[in-house]
Protein chains: 2
Amino acid sequence: MSLAPALQAFAPDPACPPAIVAPTPAPARRGTLAFELAMRHAGLRAVELRYELLGDAALPAVLVAGGISAGRHVAASDAFPSPGWWEAQVGEGRALDPARHCLVAIDWLGADGRLDAPIDPADQADAIAALLDALGIARLAGFVGCSYGAMVGLQFAARHPARLARLVAISGSHRAHPYASAWRALQRRAVALGALQCDERDGLSLARQLAILSYRTPEEFDGRFGPARVVGGVVRAEAEDYLDHCAAKYVAATPPTAFLRLSESIDLQALDPRDVPVPVTVVAVAEDRLVPVQDAYALVERLPRPRLHVLRSRYGHDAFLKEHVAIAGVLREALRQEPRQ
Amino acid sequence: MSLAPALQAFAPDPACPPAIVAPTPAPARRGTLAFELAMRHAGLRAVELRYELLGDAALPAVLVAGGISAGRHVAASDAFPSPGWWEAQVGEGRALDPARHCLVAIDWLGADGRLDAPIDPADQADAIAALLDALGIARLAGFVGCSYGAMVGLQFAARHPARLARLVAISGSHRAHPYASAWRALQRRAVALGALQCDERDGLSLARQLAILSYRTPEEFDGRFGPARVVGGVVRAEAEDYLDHCAAKYVAATPPTAFLRLSESIDLQALDPRDVPVPVTVVAVAEDRLVPVQDAYALVERLPRPRLHVLRSRYGHDAFLKEHVAIAGVLREALRQEPRQ
């Protein structure tokens, strides 16, 4: 019984992060880098990049990047004890161990809602390169990207191949699938519909709920929710309470402009896998409704140095936040670590 | 080249009905039945049921029912020459031939937007039984239902088994899947979001676009739409033009209350397949994202007298509007017709 809270702490919902974590004793520091970035669709812009380092700066560096709602705080530390978005994989003895690597993570360009312009995943990759310059990191031992982070990782590997030993691209591909793009476009329309009444928060809430559906699977919902019921003269699906709960947390933390511009950014992903010379471990999920496994096959067919893992998971696109053992195994193999005794 | 318009006429998009059809010469008549209906969640209500008959009333009767946006006009006739929603299957020499059967179809209870109450699929079934009484039809030779129409058909077969020889249930099941219910709940929230600014049409448009995504598949969108582009400083998915076009037609024809109450009605579907004593031909589509094929398997496992056809279609839930040859084959077999020479 006492295991339940701890397990929950290692199974963060993307919209509902865990409340209880064990901070890693590794050193951590944060900073903000201000510089000018030549953006693909928006010209030269003054930008600020917020970053966090976890682990000794002398260790080999690994960049860790998640989805558009993830940021620089990947795991709790003594310095920053609030829960990170990837507690299950990051920490002492875990697959991404700050005792072995210096883990580098950023808040995405646009995440503060102040950059109101089209942001290409390539822009994020170039911003990361600028950060590595500032930090004196000539070459990353690895880049572990999930979802949007995998898209940015592929861009980084294509644009800055000399600075990367290996990419692990989890649930992200060289393109945005047209169906997924349509789904995201409708989420942005929900925000626009809310904005018409001068309240983007209601629209953002609906957008987030739509996004959650795309991250998950019918199999999960079927195991989790029962039939709809008539409540007060209207029909209510049982999942609505869960969706409300997750969306409220998201809306409290996310500027609508940040959501809009980062959602758009996913749709701008366009890259020829043949232009990625570094070794890439591609991790796909058969049940992913957002990044179809077929796109992972197409990616691997064209990458010069690929390695493919296809996982099965009822959590679909969110498997990287849920399938702890399988993801840890892939990460350890890719980063050539032995499990600790 | 000259075949293109005719083929298009037989491939109606649910949101974009065809403009060109060949009216069937069969007799057709319309009427409205007013009566009191004991509704499952709304008590006794005075209702009006609009119906259309196609074919001689002396022929064996077959009830034809489609999705929540389909109605009583299934095919063009000399009397009512505008295109119907199922031209590909209904007409002279087609699987549902008004020279062989008297085809009966209704506008769903609630479709006019005036019945603002929870409507159970069982209510629709009971309304159909009342209509058959009024028309003097003791027993249907068949009930062919697609999507919501299949749900209502199962209810009719369970509640009025003596009045039905065989049900053909296409892409509809004995329950609403919890994931699909959540998807529909969010569509209803889009309407509510629009209503906050006293303009339900914008909300209904977004709801319809979300519904279309659920009816179709990534495979279709991938073959049909290219990558997103930056247009005027924002990112636009290529499917947005199509979705706009379809939604505009839908919004022009649909009262928001009708959409809300019929969308809810799908989510109220709850029936024990063991209570359906009549023979049922179940048609499922492997790619259906709204009614998972697993639910068709569960339905068939529990029906006393089932027959199952599983189709493959890139059109997913909308296969009944697109896979003309496969659907016609199933209908002919179920209604024991030989193809005409």
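Readers should treat all values here as calculations from the given coordinates under stated rules, not as data from a laboratory. Owing to the predicted nature of the structure, the values given are computational and were not obtained by experimental measurement. Quick reminder, even Gly has a Cβ in these numbers, built from the backbone with ideal geometry, and neighbours come from all protein chains shown.
By counting other Cβ atoms within 10 Å of each Cβ, how are B:Cys198, B:Cys102 ranked from fewest to most?
The most exposed by this proxy come first: B:Cys198, B:Cys102.
Which Cα, out of B:Ala334, B:Val293, B:Tyr242, lies furthest along the positive dipole direction of chain B (beta carbon charges, K/R +1, D/E -1)?
Ranked along the dipole, the leading option is B:Ala334.
Amide H of B:Cys102: which non-local residues (sequence gap of 5 or more, or other chain) have their own amide H closer than 5 Å, using H built in the peptide plane?
So B:Cys102 has HN proximity to B:Leu59, B:Ala61, B:Val62.
Using only atoms on other chains, find how many Cβ atoms lie within 10 Å of each Cβ of peptide B:204-212 and report the average.
For this peptide, the per-residue mean of nearby foreign Cβ atoms is 3.
Put the label 7 Å from Cα along Cα→Cβ for A:Arg139; what are its distances to the other copies, in nanometres, shortest first?
8.3
Quick one: which residues, 5+ away or cross-chain, put their amide H under 5 Å from the amide H of A:Ser313? H built at 1.01 Å from N.
Long-range HN contacts for A:Ser313: A:Ala286, A:Glu287.
What helices does chain B have that are whole DSSP H segments, at least 18 Å long along their own axis by Cα, and with mean Kyte-Doolittle hydropathy of 1.0 or more?
Helix filter hits for chain B: none.
Report ³J(HN,Hα) in whole Hz for each residue of region B:104-118, in order, from the Karplus equation J = 6.51 cos²θ - 1.76 cosθ + 1.60 where θ = phi - 60°; Gly and Pro get x.
Computed from phi, the couplings for region B:104-118 are 10, 9, 10, 7, 3, 3, x, 5, 8, x, 8, 9, 9, 7, x Hz.
Is it possible to state the helix-based mean residue ellipticity at 222 nm for the protein assembly as shown, with each DSSP H run of 4+ residues giving -39500 (n - 2.57), the sum divided by total residues, to the nearest 500 deg cm²/dmol? What is it?
Calculated mean residue ellipticity at 222 nm is -11000 deg cm²/dmol.
With +1 on each Lys and Arg Cβ and -1 on each Asp and Glu Cβ, and nothing else charged, work out how big the dipole of the protein assembly as shown is about its Cα centre, in Debye to the nearest 20.
That gives the protein assembly as shown a dipole magnitude of about 880 debye.
Counting DSSP beta bridges with both partners in the protein assembly as shown, what percentage is antiparallel, nearest 5?
45 percent
With both bridge residues required to lie in chain B, what share of the DSSP beta bridges run antiparallel, to the nearest 5%?
Close to 45 percent.
Which of the lysines could a cross-linker bridge to B:Lys249, judged by Cα under 21 Å and excluding same-chain residues fewer than eight apart?
Output for B:Lys249: B:Lys322.
May I ask you to report, in nm to one decimal and beginning with the shortest, the distances from B:Asp116 to the same position in the other copies, taking label points 7 Å along Cα-to-Cβ?
Counterpart label points of B:Asp116 in the remaining copies fall at 3.7 nm.
Once you sort the root eigenvalues of the Cα gyration tensor of region B:179-309 as a ≥ b ≥ c, which label holds: rounded (a/c under 1.5), prolate (a/b larger than b/c) or oblate (the other case)?
The shape class here is oblate.
Would you tell me which residue of chain A has the beta carbon closest to the rotation axis bringing chain A onto chain B, and how many whole Å away it is?
A:Gln197, 2
For a test of the definition: using alpha carbon positions, the gyration tensor, and the 1.5 limit on a/c, classify chain A as rounded, prolate or oblate.
It is rounded, given that a/c, with a ≥ b ≥ c, falls under 1.5.
List the distances, in nm and shortest first, from the label point of B:Thr32 to the matching label points in every other copy, placing each point 7 Å from Cα along the Cα-to-Cβ direction.
For B:Thr32, the inter-copy label distances come out at 6.5 nm.
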